[in-house]
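Comments concern the structure below.
The values are calculated or read from the model by the stated rules, or taken from the named source; none is laboratory data. Computed from a predicted structure; not experimentally measured. Note that each Cβ is placed from the backbone with ideal geometry, even for glycine, and that neighbours are counted across all protein chains shown. Accessible surface is based on the protein model in full, side chains and every heavy atom, while ligands, DNA and RNA are left aside. Shrake-Rupley method; radii C 1.70, N 1.55, O 1.52, S 1.80 Å.
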Amino acid sequence: MTTLSATATVSTDVLVVAVTPANGRRKGVTVRPDTGLAAAGRRKLEESLGALGATGTTGEITRVPGSGIAKATMVVAVGLGTSPDTETLRRTAGAVARALAGTSRATFAFGSNDVDDLEAIALGGLLGAYTFTSFKGAGTPAPTAALKAISLLTSDPKSQQVRTALSRAGVLADAVKATRDLVNTPPSALSPAALADTAKKRASLHGVKARVWNEKQLRSEGFGGITAVGQGSANPPRLVRLEYRPTGAKKSLALVGKGITFDTGGISLKPPQAMETMKCDMAGAASVLESIVAIARLGLKVNVTGWMACAENMPSGQAQRPSDVITIYGGRTVEVLNTDAEGRLVLADALVAAVADKPDLIVDVATLTGAQGIALGNRTAGVMGNDDAARDAVVASAKAAGESMWPMPLPEELRPSLDSQVADLANIGERMGGMMTGAVFLREFVPATISWAHLDIAGPAFNSGSPHGHTPKGGTGMSVRTLVRVAEDLAEGRFA
Ligand code: BES
Ligand code: MN
Ligand code: ZN
């Protein structure tokens, strides 16, 4: 775990100094003011960086010896580009923290005393200082450890505002990293029952109530979607309900997460390549769990109920078949034409259960469709809903939290494509715009009187490419910061 502190003086071997492109016709870089360097040190650093050809563009990292510049062994210059916004600070801090893996302590001098900036730098730094090594064996070389301690240089390190900013950053980073850990954990170690157990333990640590339904209870109480998806696996399904009820809350929020611990596709089996990353298919449920934990730790004044719909989608002699008809919780029937469209089946049960509490807003999160990544790429999530104002408010919360999410429509003409000859609905429909077809299916399970938004995070939940900014390879923790921000916005009456 990386520790975080604030300081007015540099006492670490490594000093990170923010630089920007030099203005005017001058080449080279300008060291940002308020980075704790004396005039001579600044001049020396600018000179060295100039000689090395540094340009100060966003994310550029240049290491120079500290001698003659500062009381540090090494100075790491990091480019911020011209007029960096908050998310640039977050990402750049993350990129630096990643570059400093293997280092024990570093001071970050980004040249800002603004508390929002400090919080962003803190959060980015903590998120960049991430490794997942739980399953590394005795092989050599030993994995490089994440940066152990980050100190932020600021003029007033003891102020209450700075303390609050650092503790908020710590809570958010813990939640995002715990989500990444769950996503990165292989399905051999994370069955639906194990995910539910983890949820119970995490909840009880933070004063959140938890209830778990096992496979027998799910079957007898009519949760036909979760039961059908889970029946092909030797690891039976679970439904988890989390409840956070602070005093003084006026609004209520339900969070619903897709928790497929592994998605083979079932009898509609995926090809091997498409299966490689399918341990990420519980990212929605993990985000719901860790968001509620963060909301509770922050003491937000809003009632939150979390639902984690957990199952393993496997082919077997007991698995559901294409053309089976199942009954979702509450009585609607669905013809399962493709067992690989399983997320919408488990979510349908959980959405109906969430609706029973009549919350002010329901937000579901799911790695629902490959089409999501086709439409918006691997770094932007899609946001849909039954209420344009609520959908746009969630997009605004995402923006405020620094996550990339984009509103998508639910075109009416998609609905008839989900008609079934034999049941109330089919689980697949129009392929073009498949992300929206999935959302149109889910919409059937939420009455128009309750505001509902759906986040499809299939692309951004898992990074199969290179690390970038504060985002590592593997599980990203995408959506946690947005869900916490939605809760904050609801609590503070900023929501539509
Ligand atoms: N879990 C997948 C979606 C997915 C794809 C997540 C890629 C992350 C990365 C989902 O259950 C699925 O298989 N969806 C199908 C739906 C189709 C059968 C309508 C898909 O996208 O092909
Ligand atoms: Mn699937
Ligand atoms: Zn899936």
- Among residues of segment 396-433 being buried (at least 18 other Cβ atoms within 10 Å of the Cβ) and under 17 Å from PRO460 (Cβ atoms), the residue farthest from the chain's Cα centre (by Cα) is MET408
- Segments classed as helices (runs of 4 or more DSSP H), wholly inside segment 357-459, with at least 2 members that are away from ligand 1 (no atom under 13 Å from the Cβ) and closer than 24 Å to GLU87 by Cβ: 388-401
- Message: Quick check on my filter: what residues within segment 312-356 are part of a strand (DSSP E or B), more than 11 Å from ligand 1 (Cβ to nearest atom) and not hydroxyl-bearing (Ser, Thr, Tyr)?
- Response: GLU312, ASP324, VAL325, ILE326, VAL334, GLU335
- Counting residues that are within 16 Å of ligand 1 (Cβ to nearest atom), which strands (runs of 3 or more DSSP E) fully inside segment 192-269 reach at least 1? 252-263
- Query: Name the residues in segment 297-336 that are of a type in the set (D, E, K, R) and touching a strand residue (DSSP E or B) at 6+ places or on another chain (Cβ under 9 Å), would you?
  - Reply: GLU312, ARG321, ASP324, ARG332, GLU335
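Residue by residue, here is whether (1) more than 29 Å from GLU492 (Cα to Cα); (2) in contact (Cβ under 8 Å) with a residue 40 or more places away in the chain holds:
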site: ALA356; (1), (2): no, no
site: VAL363; (1), (2): no, yes
site: ALA375; (1), (2): yes, yes
site: MET405; (1), (2): no, yes
site: GLU412; (1), (2): yes, no
site: PRO416; (1), (2): yes, no
- Message: If I filter segment 468-491 for residues that are hydrophobic (A, V, I, L, M, F, W, C), open to solvent by 20 Å² or more (accessible area, probe 1.4 Å) and touching a Ser or Thr at 6+ places or on another chain (Cβ under 7 Å), do I get at least one hit?
- Response: no
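One line per residue, one yes/no per condition, for (1) at pLDDT below 95; (2) open to solvent by 20 Å² or more (accessible area, probe 1.4 Å):
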| site | (1), (2) |
| --- | --- |
| LYS136 | yes, yes |
| THR140 | yes, yes |
| LEU166 | no, yes |
| ARG180 | no, no |
| ALA194 | no, yes |
| ASN214 | no, yes |
| ALA234 | no, yes |
- Item | Of the criteria (1) open to solvent by 10 Å² or more (accessible area, probe 1.4 Å); (2) under 21 Å from THR179 (Cα atoms), which one ASP364 fails | (1)
- Quick one: would you say LYS201 is closer than 21 Å to LEU300 by Cα and surrounded by fewer than 22 Cβ atoms within 10 Å (Cβ to Cβ)? yes
- Task: Output the number of residues of segment 265-304 satisfying the condition of being of a type in the set (Asp, Glu) and either more than 17 Å from ASP174 (Cβ to Cβ) or within 16 Å of ligand 3 (Cβ to nearest atom) (or both).
- Result: 2
- Query: Among the residues of segment 69-82, is there at least one that is out of contact with any Pro (no Cβ under 6 Å at 6 or more places or on another chain), open to solvent by 70 Å² or more (accessible area, probe 1.4 Å) and free of Cβ contacts under 8 Å to residues at least 40 places away in the same chain?
  - Reply: no
- Message: For the list (1) closer than 18 Å to LEU368 by Cβ; (2) open to solvent by 10 Å² or more (accessible area, probe 1.4 Å); (3) away from ligand 2 (no atom under 12 Å from the Cβ), I need the number of the one condition that LYS270 fails.
- Response: (3)
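Identify, from the list PRO65, PRO33, the residue that is open to solvent by 50 Å² or more (accessible area, probe 1.4 Å) and without any contact (Cβ under 8 Å) to a residue 40 or more places away in the chain.
Numbers: PRO33 fails: without any contact (Cβ under 8 Å) to a residue 40 or more places away in the chain.
Testing whether each residue is open to solvent by 50 Å² or more (accessible area, probe 1.4 Å) and without any contact (Cβ under 8 Å) to a residue 40 or more places away in the chain leaves just PRO65.
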